[in-house]
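Asker: Sharing a structure below in structure tokens format, with a few things to ask.
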């Protein structure tokens, strides 16, 4: 079964190839993600002169990229078509683009290879540590972006499930809300961030306003709400700071402001008050 990358994944791969060219000094970069069992499709190109590589399916074990996938480690060859350490199923496409020196780095998420990135030159030169290290760093960044997207998809799935009167179910929803708000601050794609925050809004709407709510909800700043959502999930100030990329003193400052606005004297009172007025699920 073929799997086409989502829009957010495509954006991340495209950005990774741009960084790979910039940081490695290699003028050509291309790559793609898993398209099926043991198969990875090249769907993004940067610096190429033709489109011959686009849509090429890389089978696990075949060619340079397929071998890098099978071994789960980066590989490089000085002259692709003449190399004796790889198989040559893709020589025609590589030659058509005029590539000679090529490196390939697997993209590994949760111990599974999710994709492969390539960097290349149009002359046979032994690739040193700099381009290989740069490509590995870019792959690690892409791995983190894909991991965040996986977690976002999981939490969005939770937010779309119908809620019930089961207290345990509501605890899961509340935990997802806190994680979603924290995750939204980490993703680089503005569209995905907007989707996460919209999901947060749905979770809040599904549980509020509560009957008998007295008066309008106080206006909490987005960062105050981020902090309070983390606190509601049981995080300590130090954990909130790490999750949101803030200093612990900044977290305390936001909490003081939140408690003042909600008329609360403790963290727990602030969470209860926020749920009562409908700003937390």
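The values are calculated or read from the model by the stated rules, or taken from the named source; none is laboratory data. Values in this document were obtained by computation on a predicted structure and should not be read as measured data. Virtual Cβ from ideal backbone geometry, glycine too; neighbours counted across all protein chains shown.
Asker: Looking only at helices (runs of 4 or more DSSP H) that fall completely inside segment 184-281, which ones have 1 or more residues that are over 28 Å from the mean Cα position of the chain (by Cα) and modelled with pLDDT of 75 or more?
Answerer: 248-262, 267-276
Asker: Among helices (runs of 4 or more DSSP H) lying entirely in segment 1-115, which contain 3 or more residues that are in contact with a helix residue (DSSP H, G or I) (Cβ under 8 Å, 6 or more places away or on another chain)?
Answerer: Working: elements: 7-24, 63-71, 91-97.
The qualifying helices (runs of 4 or more DSSP H) are 7-24, 91-97.
Asker: Which ones in segment 225-266 are free of Cβ contacts under 8 Å to residues at least 40 places away in the same chain, surrounded by 17 or more Cβ atoms within 10 Å (Cβ to Cβ) and more than 18 Å from residue 203 (Cα to Cα)?
Answerer: The answer is 237, 240, 241, 246, 251, 254, 255, 258, 259, 264.
Asker: Which residues, counting only those in segment 100-134, are surrounded by fewer than 17 Cβ atoms within 10 Å (Cβ to Cβ) and closer than 12 Å to residue 33 by Cα?
Answerer: In the first step, residues of segment 100-134 are kept if they are surrounded by fewer than 17 Cβ atoms within 10 Å (Cβ to Cβ); the result is 110-112, 122-126, 128-130, 133.
Of everything in segment 100-134, just one residue is surrounded by fewer than 17 Cβ atoms within 10 Å (Cβ to Cβ) and closer than 12 Å to residue 33 by Cα, namely 112.
Asker: Which ones in segment 105-122 are under 15 Å from the mean Cα position of the chain (by Cα) and closer than 19 Å to residue 14 by Cβ?
Answerer: 107, 109, 114, 115
Asker: Taking interchain pairs and intrachain pairs at least six residues apart, which have beta carbon atoms under 6 angstrom, with the first residue in segment 40-61 and assigned by TED's automatic domain parsing to the domain that holds residue 14 and at positive phi and the second surrounded by fewer than 21 Cβ atoms within 10 Å (Cβ to Cβ) and part of a loop (DSSP other than H, G, I, E, B)?
Answerer: 47/27
Asker: Okay, next question. Evaluate segment 90-99: report whether one residue or more is buried (at least 17 other Cβ atoms within 10 Å of the Cβ), assigned by TED's automatic domain parsing to the domain that holds residue 43 and touching a strand residue (DSSP E or B) at 6+ places or on another chain (Cβ under 6 Å).
Answerer: The answer is yes; a qualifying residue exists.
Asker: So which residues in segment 123-152 are without any contact (Cβ under 8 Å) to a residue 12 or more places away in the chain and part of a helix (DSSP H, G or I), if there are any at all? Let's see the steps before the verdict.
Answerer: Initial filter on segment 123-152 (without any contact (Cβ under 8 Å) to a residue 12 or more places away in the chain): 128-129, 133, 140, 144.
The answer is 129, 133, 140, 144.
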